[in-house]
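Every read-out reported here was derived from the displayed coordinates using simple, explicitly stated rules and does not represent laboratory data. These numbers were taken from a predicted model, which means no experiment stands behind them. Here the Cβ positions follow ideal geometry from the backbone for every residue, glycine too, while neighbour counts run over all protein chains shown.
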Amino acid sequence: MTKEKGPRPLSRRSSIANKIITDLNKMSGKKVVNLEEIKEGHKMAEDLETSVTSDKELARLDPLHAMYVFAQNRMDILAEQLTQLPACRKLFSALPEADDIYMPSYPPMSPVTSSYFSCWSLFDFEIGKDKESLAKIAIKVSQALSANQNLITLYQRMQESRMGLYVHQGTINKRIILKELVTEKEFHCISPSGYNGGSGELWFARIFPEPFPEWSMGYSVVFTTPYVLGRVKKGLFKKTSSLNDWQLFLDRTLGQPGEADRIKAYEQLMKYGLNRHYWNEFIFQSYANYTDHVVYLTGIPDLPETLPHAE
């Protein structure tokens with residue numbers, strides 16, 4: 001019999017991930033931690049495409065959406081295990097507090113939807129001098145555990161994602177065309193929430209791209225429940241009247257640097273806000289209405305008088 005090896009070492013890894021992997025290396029030969037339980041979460045993805053199509057629940061979803069749901073479920077399990085380790089537990093103690101404040105679910109309980117908050121807490125909430133998210137740590141640990149590369153690729157695409165502001169350009173072949181402000185990138189998307197919207201709407205949403213170009217799927221997925229940004233006039237929500245207000249907001253917030261600098265500043269703003277809870281607070285304060293498939297927001301972040309629930 002060959003002696004079981006612990007996690008393989010990584011080069012140039014981040015500090016928290018380094019501590020966790022070091023702990024796992026120390027404990028892999030002991031009964032203090034069951035390393036196999038962590039590995040088990042990755043073994044389920046040895047053949048990702050087969051796993052997605054064979055699972056009854058996932059098989060009912062669009063294939064691209066199913067892949068990302070599968071990956072997020074795996075990451076949720078791994079993140080829960082990681083936050084129990086000493087290197088992570090204290091540093092990520094702010095997440096339960098944020099959960100208590102924003103009560104992520106769905107209106108009328110909270111406008112901070114579960115799909116939005118889960119992505120924020122895994123991919124955008126960062127701590128430490130190296131600005132590490134739970135997803136960044138999970139990717140490093142997964143690499144150390146020699147996890148399935150397809151699963152790691154999905155983790156990486158999810159970590160690279162962010163919220164964005166998109167103008168609805170209509171639909172082609174049942175795919176929604178969303179064009180992003182500032183970057184002017186165009187995305188052909190599905191919206192699993194069931195809300196397809198209409199031309200001229202301004203969406204605040206997180207898009208996951210096609211992760212494996214060689215599969216030639218040709219579309220992206222709006223992973224979060226769409227937030228549609230508009231104005232309330234005489235008690236009625238207007239879905240296509242806030243684009244100019246948001247363009248002025250971006251001009252005020254980003255300034256007028258060169259094109260490349262402006263895009264970089266925009267991407268930073270949309271992923272991290274001007275502070276940790278910037279976009280959480282905006283959603284909480286700007287809530288206007290909802291249906292089962294979409295949440296409506298009104299107001300501009302830096303104009304508190306326009307936010308119906310601002311203090």
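With q set to 0.13, 0.19 Å⁻¹, the log10 of I(q)/I(0) for the stretch 118-215, from the Debye formula over equal scatterers at the Cα positions, is -0.57, -0.99. For the stretch 163-306, the Kirkwood hydrodynamic radius comes to 15.8 Å, computed from all pairs of different C-alpha atoms. Placing pseudo-labels 7 Å out from each Cα toward the beta carbon at N173 and E80 gives an inter-label distance of 3.9 nm.
In this structure, the residue pairs whose Cα-Cα separation is over 30 Å, taken from K179/K238; K174/K239; K56/K238, are K56/K238. Rounded to the nearest 20 debye, the dipole magnitude of the stretch 51-110 is 160 debye, with +1 charges on Lys and Arg beta carbons, -1 on Asp and Glu beta carbons, and the Cα centre as origin.
Working from label points 7 Å from Cα in the Cα-to-Cβ sense, the Q156 to F212 distance is 1.4 nm.
Provide, as a two-decimal number, the C-alpha radius of gyration of the stretch 218-259 over 2.2 N^0.38 Å, N being how many residues it has.
1.60
A full extension of the chain between E305 and M109 corresponds to an added length of 68.2 nm, given 0.36 nm per residue minus the alpha carbon distance. Please figure out what share of the DSSP beta bridges in the stretch 163-306 is antiparallel and state it in percent, rounded to the nearest 5. About 80 percent, rounded to the nearest 5.
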